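Heads up, the thing below is written out as structure tokens.
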Amino acid sequence: MLPVNNGRKPWLRWMVFLVVLVLLAIGAFFVFRLQKPPPVRLDVEKLHQSLRARLDPAFPGRGTTDYPGNTSDDVPKGYAMILKAELLAMREVGVSLLARSAGNFLLEHSDERKDGFPGWGVPLAWDPYGDGSTNPAHTKYTISTAIVIDALLDWIERDPTAPRNRVLEVVRDAIRAYLAPDILSPSGLLPYSLEAVDRPYDTFNPAGYFAGVMQRYSRLETDPHLAIQIQSVADKTVAAHLEHRQVRPDGSWYWNYSVTEPVPNDLAHAGYIMYGMRLYADHEGALRGHLDLRAIEQHLADFVDHDKGTIVAWPTFRSDTNTPARSYDLGMGMFLVCQLKKDDLRHHYVAPLGLYRGMNGEYFKYPPKRGQPDLAVREYEGYILLGLASCLPPSRQ
């Protein structure tokens with residue numbers, strides 16, 4: 001006699017059970033794959049010390065450049081960023097040898113163009129606008145001069161043993177070159193460089209940084225007439241920034257590269273403007289009440305790519321192109337978010353740092369890719385050092 005089934009099919013129940021298990025396993029797999037990785041926790045202090053150890057105490061800014069030929073040379077901006085970084089990370093024992101070496105180098109090489117007054121640039125001939133007018137080596141560029149002056153003012157502010165009188169004399173003479181009535185660009189901005197061929201270009205980032213630095217210095221100038229002259233030039237540049245500002249739907253402010261190049265600045269150059277406007281306002285510039293610093297600094301959030309979990313070179317609202325940020329950009333961004341205490345952005349800017357770091361503690365221009373040459377630029381490592389020093393725990397600053 002055959003057993004009675006009563007219409008039940010046990011094999012069918014088992015099949016349904018197995019299908020459910022498979023579906024659950026597949027679902028769990030995709031949830032795992034799509035889940036964002038846990039936050040990367042980098043030891044900022046350890047990375048800071050490791051990068052400092054890579055620098056030559058005698059010539060801390062000397063190394064590979066990001067100019068044609070990638071020669072090994074001395075870029076003043078790199079020295080200035082190292083000086084600023086070391087002063088931020090001062091210990092109880094006093095100012096470091098790296099800081100003194102960087103500061104003294106900038107003073108001793110303040111007129112490499114040999115035209116009789118101070119100013120800083122790059123050690124190579126270069127055509128910044130690609131218009132065929134190559135500037136000679138050691139052309140005095142506004143952004144280089146602004147960054148160096150800013151670092152030298154940090155030095156005399158934080159180090160009582162710094163050569164204060166010499167620094168003030170060099171800074172005063174460097175700024176005087178920008179007070180000539182015909183020096184400003186057509187829009188009233190400080191010029192891109194002191195070369196006549198660069199003067200027709202309205203370029204916001206170097207002008208913005210230098211306006212802040214000039215306002216900062218004017219508060220130290222003992223000649224009231226000269227101080228007023230300096231402040232007047234800074235005011236004109238800030239007025240031009242106010243006229244040409246761009247406003248995003250969320251209210252954030254940003255600037256294009258120039259009047260004739262209607263593309264937003266990359267992170268480093270946008271950062272120069274943010275920093276310059278902050279300096280100008282903090283040192284009581286006459287137009288400070290017209291600057292919405294919150295809206296200006298809100299632009300830092302536009303460089304966070306939340307989907308990729310990294311920082312990009314151009315604002316994410318730029319739809320035509322984007323690349324990973326250079327180490328140059330990342331260092332400037334870290335400096336700003338930590339100095340401005342943007343706690344909501346700090347992790348986003350610090351976490352990608354490990355992607356740029358090589359096996360020997362160097363930092364590459366871009367995160368390395370298989371089959372592509374890696375380039376570690378010493379100037380850019382100076383920016384990373386500044387970013388790391390800014391993000392150290394308060395007890396270490």
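Values quoted throughout were computed directly from the atomic coordinates according to the rules given, and no laboratory measurement underlies them. Since the structure is predicted, the reported quantities are computational estimates derived from the model, not experimental observations. Neighbour counts run over all protein chains shown; Cβ positions are idealised from the backbone, glycine included.
Can you give the local net charge around LEU189? Use residues other than it whose beta-carbon is closer than 14 angstrom to its beta-carbon, Lys and Arg +1, Asp and Glu -1. Residues close to LEU189 contribute a combined charge of -3. Amide H contacts under 5 Å for THR310: ASP305, restricted to partners 5 or more places along the chain or on a different chain, H placed in the peptide plane at 1.01 Å from N.
Given the C-alpha atoms of the stretch 165-273, compute the convex hull and give its volume per residue in Å³.
Values: hull volume 12.0 nm³, N = 109.
Enclosed volume per residue, from the Cα hull, is 111 Å³.
Which order, highest average first, do 126-136, 381-391, 196-206 follow once you tally other Cβ atoms within 10 Å for each residue and take the mean per peptide?
Put in order of decreasing packing, that is 381-391, 196-206, 126-136.
Amide H to amide H, with H built 1.01 Å from N, TYR141 comes under 5 Å of TRP120, GLY121, VAL122, counting only residues 5 or more places away or on other chains.
For the chain, what is the calculated [θ] at 222 nm in deg cm²/dmol (nearest 500), taking -39500 (n - 2.57) for each run of four or more DSSP H residues and dividing by its residue count?
Details: 13 runs with 180 residues, N = 397.
About -14500 deg cm²/dmol.
Full extension of the chain between ALA58 and ARG219 gives 54.7 nm of extra length, using 0.36 nm per residue less the Cα-Cα distance. Here the chain is assigned +1 on the Cβ of each Lys and Arg and -1 on the Cβ of each Asp and Glu. Its dipole about the Cα centre then comes out at about 2080 debye.
Enter the angle in degrees (range 0 to 90, nearest 10) between the Cα long axis of helix 44-53 and the first principal axis of the Cα atoms of the chain, meaning the one along which they spread out most. It works out to around 50 degrees.
The string of couplings for the stretch 366-375 from the Karplus curve (6.51, -1.76, 1.60, θ = phi - 60°) is 10, x, x, 10, 4, x, 10, x, 9, 10 Hz, one whole number per residue in order, with x for Gly and Pro. Rounded to 0.05, the FRET efficiency of the ASP305 and ASN360 pair, given R0 = 25 Å and the Cβ-Cβ distance, is 0.35.
When 1/r is averaged over all different Cα pairs and the result inverted, which Kirkwood radius in Å belongs to the stretch 46-396?
Values: mean 1/r = 0.0493 Å⁻¹.
Evaluated on the stretch 46-396, it is 20.3 Å.
A straight Cα-to-Cα reach below 26 Å connects LYS365 with the lysines LYS36, LYS46, LYS77, LYS84, LYS140, LYS308, LYS341, LYS342, residues fewer than 8 places away in its own chain not being considered.
Spin-label model, ASP343/VAL263: points 7 Å from Cα along the beta carbon direction are separated by 3.8 nm.
Label sites at ARG166 and PHE117, each approximated as a point 7 angstrom past Cα along Cα to Cβ, lie 2.2 nm apart.
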